[in-house]
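This report refers to the structure that appears directly beneath it.
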Amino acid sequence: MYAQQVESTGSQPKSLNKMNPKERAFQERIDRGERIEPKDWMPEGYRKTLVRQMGQHAHSEIVGQLPEGNWIGRAPTLERKAILLAKVQDEAGHGLYLYSAAETLGKSRDDMTKELLSGRAKYSSIFNYPTLNWADMGAVGWLVDGAAIMNQVPLQRTSYGPYARAMVRICKEESFHQRQGFDIMMKMSFGSKEQKAMAQDSLNRFWYPSLMMFGPSDSESVHSAQSMAWKIKINFNDELRQKFVNQTAPQAKYLGLKIPDENLKWNKKTEQYDFSEPDWKEFFEVISGNGPCNIERLAARNKAWDDGEWFREGLMANASKQSKAMNAKD
Amino acid sequence: MNDPRFHLALRMGDNSLILAQQNSKWCGHAPTLEEDIALANVSLDLMGHAQMWLGLAANIEAKGRTADELAFLRDTQEFRNALLCERPNIDFATTLVRQYLFDAWHLEQLGLLCAGSDISVVEIAQKAFVEVRYHRQRSSSLVIKLGDGSAESHTRIQNALESLWPYFGSLFENSDNDYILFKAGISELPASLRTRVVEQLSADCGQSTLTLPDSLFYHKGAVQGHHTENLGYILAEMQYLQRTYPSSNW
Amino acid sequence: MSIESPLWEVFIRGQHGTAHRHVGSLHASDAETAMNNARDVYTRRNEGLSIWVVPSNQIIASSPSQKGSMFDPSQGKIYRHPSFYDIPKVVKKI
Ligand SMILES: [Fe+2]
Ligand SMILES: [Fe+2]
Ligand SMILES: [Fe+2]
């Protein structure tokens, strides 16, 4: 998902009777559905995993501004331009809320930013794919935000209070993102021949990368088992991927578009869609830096940070002048 | 088009549209997340104003053109925005000072339009005024702080002021239409705002160790559609889809 | 290397006369900028009529280890809740 590669402690979750009393009390609170708050005692692994996960999630939101930001200048009507700008602006807000949530665990936003800029921290693979035509603004909202929402809705119940509250706010704001995307898809799919071709082309390019957003199958993963015990992960990746396909296939049909998968069909027995797995080799390449746009995305974030340094420093310099002047008065 | 209000609406709409288009390119690239979000808010407000003013222009013209057609299907020489708005996004200092100079003019201009005699103009001006009051407060607060911040921030803001100054005057250029509007009591002559706006700017600069340029010289011609080279590129990008796929539904 | 701007907590009072509620945090160099940023970040959907910003390091939080001594005593005082009292049904408006 937005945090596709969160490594947890690397071992199976301990059973309650192998835990020390503190760990056990902590786990029991989580099992009862209580929220963990910043100053509460927590196992080091819980803290580390959460910081990593919220960091990846936040990075994904702000790197995620770039592929859509690419089209703000070219949006075809005044209204579409305003909608797209408002949407991409929301993503900046989501990044901000999530960085703030991570800061409650003592990691500063600047530190997290530096990890992103140096390439040490990960972000979602999806944002390393290019946006090549206007229908991509439709497909991203429809598929990418659609997939994100699927993951974020359950995270509103995650065990860490600040994270859960950030997700509540984010989910509220997300609700228009997917709809505006589908709205663009409708206009394109039911529009001129050229528009329909753009819509189909866009679905062809974004289908498998969207499936990859849920991450590789993790029903065997020890990382996922621990994260689920801690309720910082709620569902298995395959579970959400299946749900996403079930939901999206009829929508594509409504649009008159063909999902680029010969194996996609309704299975009466399982009452689910059968579908092909994405190319996981490609996924691992993209997530480790070899996607079509990794270089541009990181370069853009680095440039914004470097070019903005004088601005941040200037404001801090002014603030310290102000407080010196105040102290001199007293 | 004989109705002088058409030209007023076009000029107001084009200013907001071109500045919003330029500012919106910062989304995802601003110096802080907070600033990224704030600047997008300003752009969204300006886009809203552009929609209203161009909508009014289209109504007055009554030839079946829409606000979108005015925005996306006119060429550079038909645009009436001031040269300031089309200055490129060289760096964030230029962007901020461009906004700052514009806001000072904009608030004053909207205030006068609110007191005018034409109800359709007054309605739009009143809506915009409330938003622009905040724009003015925000941009002046940042310019004053950065002017008196670090040595580098001071230099950057000062340089931006100087490099934009000859284009700033374009906001105050009188056209033939302006005299007609003035006689009809719909708006003041653009040039008549200059003294008041400059007074406010120098008061800000006084708080901030900045020196406001005092030259009265500025590049003329925007009121007749004589722009800088950059506007062609702005429109090339902005109008690309409407030009490539004419009469499509988006 | 630059120093990071301080963190602020943002509280907003919404439409319906309710009290200010914590909505999140942000970074800003000073109080005026914090207030502007709060307006831009946290009231994009008409959420607020009044904003408070507070430097995060000025908030004194109760510590979880005192949770028992801070909050348990009030659990015993059930007589503070109206449901503690049985009033006969024939008595109205009380
Ligand atoms: Fe988001
Ligand atoms: Fe979104
Ligand atoms: Fe997103």
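The values are calculated or read from the model by the stated rules, or taken from the named source; none is laboratory data. Computed from a predicted model, the values in this text were never measured in an experiment. Methodologically, a virtual Cβ is constructed for each residue, glycine included, from the backbone with ideal geometry; neighbour enumeration extends over all protein chains shown.
Looking at A:Asp183, A:Asp136, A:Asp145, just one residue is of a type outside the set (Lys, Arg) and over 30 Å from A:Glu285 (Cβ atoms), and that residue is A:Asp183.
Can you work out which of the residues in the stretch A:142-157 that are over 24 Å from A:Leu116 (Cα atoms) and either out of contact with any helix residue (DSSP H, G or I) (no Cβ under 9 Å at 6 or more places or on another chain) or not aliphatic (A, V, I, L, M) (or both) is nearest to ligand 1 (Cβ to nearest atom)?
For the stretch A:142-157, the residue satisfying everything is A:Gly146.
Contact map, the stretch C:35-50: first residue more than 9 Å from every other protein chain (Cβ to nearest Cβ) and at pLDDT below 90, second residue crowded, with 19+ Cβ neighbours inside 10 Å and not in a helix (DSSP H, G or I), Cβ cut-off under 7 Å, separation 6 or more or different chains; pairs are C:Glu47/C:Ile12; C:Gly48/C:Ile12. For the residues A:Asp40, A:Asp31, the requirement of being more than 14 Å from chain B (Cβ to nearest Cβ), within 30 Å of A:Gln242 (Cβ to Cβ) and without any contact (Cβ under 8 Å) to a residue 40 or more places away in the chain singles out A:Asp31.
When every residue of the stretch B:26-35 is checked against the conditions, none turns out to be within 14 Å of the chain's Cα centre (by Cα) and assigned to a helix (DSSP H, G or I).
Applying the set (1) under 30 Å from A:Ala199 (Cα atoms); (2) buried (at least 24 other Cβ atoms within 10 Å of the Cβ); (3) within 16 Å of ligand 2 (Cβ to nearest atom); (4) not aromatic (Phe, Trp, Tyr) to A:Leu96 leaves exactly one unmet item: (1). Just one residue in the set A:Ile234, A:Ile287, A:Ile259 is among the β-branched types (Val, Ile, Thr), farther than 29 Å from B:Trp26 by Cβ and within 20 Å of the chain's Cα centre (by Cα); that residue is A:Ile234. Tell me, please, whether a residue that is within 14 Å of another protein chain (Cβ to nearest Cβ) and on the phi > 0 side of the Ramachandran plot can be found in the stretch B:209-219. Looking for residues that are within 14 Å of another protein chain (Cβ to nearest Cβ) and on the phi > 0 side of the Ramachandran plot, one finds at least one in the stretch B:209-219, hence yes. Here is the figure for the stretch A:13-70: residues that are within 16 Å of ligand 3 (Cβ to nearest atom) and touching a strand residue (DSSP E or B) at 6+ places or on another chain (Cβ under 9 Å) total 1. Residue by residue through the stretch A:141-150, note down the ones that are surrounded by fewer than 24 Cβ atoms within 10 Å (Cβ to Cβ) and either within 14 Å of another protein chain (Cβ to nearest Cβ) or more than 9 Å from ligand 3 (Cβ to nearest atom) (or both). Of everything in the stretch A:141-150, those that are surrounded by fewer than 24 Cβ atoms within 10 Å (Cβ to Cβ) and either within 14 Å of another protein chain (Cβ to nearest Cβ) or more than 9 Å from ligand 3 (Cβ to nearest atom) (or both) turn out to be A:Gly146, A:Met150. The residue pairs whose first member lies in the stretch A:196-223 and is crowded, with 18+ Cβ neighbours inside 10 Å, whose second member is at pLDDT 95 or above and among the acidic types (Asp, Glu), and whose beta carbons are closer than 6 Å, counting only pairs six or more residues apart or on different chains, are A:Ser202/A:Asp136. Checked against the criterion of being among the hydrophobic types (A, V, I, L, M, F, W, C) and closer than 30 Å to B:Gly55 by Cβ, the candidates A:Trp41, A:Trp71 yield just one match: A:Trp71. When A:Met54 is tested against (1) surrounded by fewer than 21 Cβ atoms within 10 Å (Cβ to Cβ); (2) more than 9 Å from chain B (Cβ to nearest Cβ); (3) assigned to a helix (DSSP H, G or I), exactly one condition is not met: (1).
Let's see how each residue does on (1) within 11 Å of ligand 1 (Cβ to nearest atom); (2) within 10 Å of chain B (Cβ to nearest Cβ); (3) at pLDDT 95 or above:
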{"site": "A:Arg47", "(1), (2), (3)": "no, no, yes"}
{"site": "A:Leu66", "(1), (2), (3)": "no, yes, yes"}
{"site": "A:Arg74", "(1), (2), (3)": "no, yes, yes"}
{"site": "A:Thr77", "(1), (2), (3)": "no, yes, yes"}
{"site": "A:Lys81", "(1), (2), (3)": "no, yes, yes"}
{"site": "A:Asp90", "(1), (2), (3)": "yes, yes, yes"}
{"site": "A:Gly95", "(1), (2), (3)": "yes, yes, yes"}
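In the set A:Lys87, A:Lys81, only one residue is within 16 Å of ligand 2 (Cβ to nearest atom), basic (Lys, Arg) and assigned to a helix (DSSP H, G or I); that residue is A:Lys87. For the stretch A:152-178, filtered to residues that are touching a residue at least 40 places away in the same chain (Cβ under 8 Å) and in contact with a Leu (Cβ under 6 Å, 6 or more places away or on another chain), the residue that is nearest to ligand 2 (Cβ to nearest atom) is A:Ala166. If I ask for residues that are closer than 21 Å to C:Asn57 by Cβ, β-branched (Val, Ile, Thr) and in a loop (DSSP other than H, G, I, E, B), which ones from the stretch A:94-135 would you list? Across the stretch A:94-135, the qualifying residue is only A:Thr104. Taken together, the criteria place B:Asp91 among residues that are acidic (Asp, Glu), surrounded by fewer than 20 Cβ atoms within 10 Å (Cβ to Cβ) and within 28 Å of C:Ala28 (Cα to Cα).
Condition test on B:Leu44, is it part of a helix (DSSP H, G or I), more than 7 Å from chain A (Cβ to nearest Cβ) and not polar (S, T, N, Q)? Criteria not met by B:Leu44. A:Asn133 satisfies every condition listed in (1) more than 19 Å from the chain's Cα centre (by Cα); (2) away from chain B (no Cβ under 14 Å) except (2). All conditions but one from (1) within 12 Å of chain B (Cβ to nearest Cβ); (2) among the aliphatic types (A, V, I, L, M); (3) within 16 Å of ligand 1 (Cβ to nearest atom) apply to A:Met112; the one that does not is (3).
For the stretch B:187-204, indicate whether the set of residues that are modelled with pLDDT under 95 and more than 27 Å from B:Gln77 (Cβ to Cβ) is non-empty. No: the stretch B:187-204 contains no residue that is modelled with pLDDT under 95 and more than 27 Å from B:Gln77 (Cβ to Cβ). Between A:Ser288, A:Ser320, the distinction of being surrounded by 12 or more Cβ atoms within 10 Å (Cβ to Cβ), hydroxyl-bearing (Ser, Thr, Tyr), more than 30 Å from A:Glu194 (Cβ to Cβ) and at the interface with chain B (Cβ under 10 Å from one of its Cβ atoms) belongs to A:Ser320 only. Screening the candidates B:Gln51, B:Gln21 for the property of being modelled with pLDDT of 95 or more and either more than 9 Å from every other protein chain (Cβ to nearest Cβ) or buried (at least 24 other Cβ atoms within 10 Å of the Cβ) (or both) yields one hit, B:Gln21.
Of the helices (runs of 4 or more DSSP H) entirely within the stretch A:155-238, those holding at least 2 residues that are within 14 Å of chain B (Cβ to nearest Cβ) and within 16 Å of ligand 3 (Cβ to nearest atom) occupy A:161-189. Scanning the stretch A:130-141 turns up no residue that is more than 11 Å from ligand 1 (Cβ to nearest atom), over 28 Å from B:Tyr240 (Cα atoms) and in contact with a Gly (Cβ under 9 Å, 6 or more places away or on another chain). Any residue at all in the stretch A:129-140 that's within 16 Å of ligand 3 (Cβ to nearest atom), crowded, with 24+ Cβ neighbours inside 10 Å, in contact (Cβ under 8 Å) with a residue 40 or more places away in the chain and not aliphatic (A, V, I, L, M)? Yes, the stretch A:129-140 has at least one match. Would you be able to say whether some residue in the stretch A:3-10 is within 16 Å of ligand 3 (Cβ to nearest atom), in a loop (DSSP other than H, G, I, E, B), of a type in the set (A, V, I, L, M) and within 25 Å of the chain's Cα centre (by Cα)? Looking for residues that are within 16 Å of ligand 3 (Cβ to nearest atom), in a loop (DSSP other than H, G, I, E, B), of a type in the set (A, V, I, L, M) and within 25 Å of the chain's Cα centre (by Cα), one finds at least one in the stretch A:3-10, hence yes.
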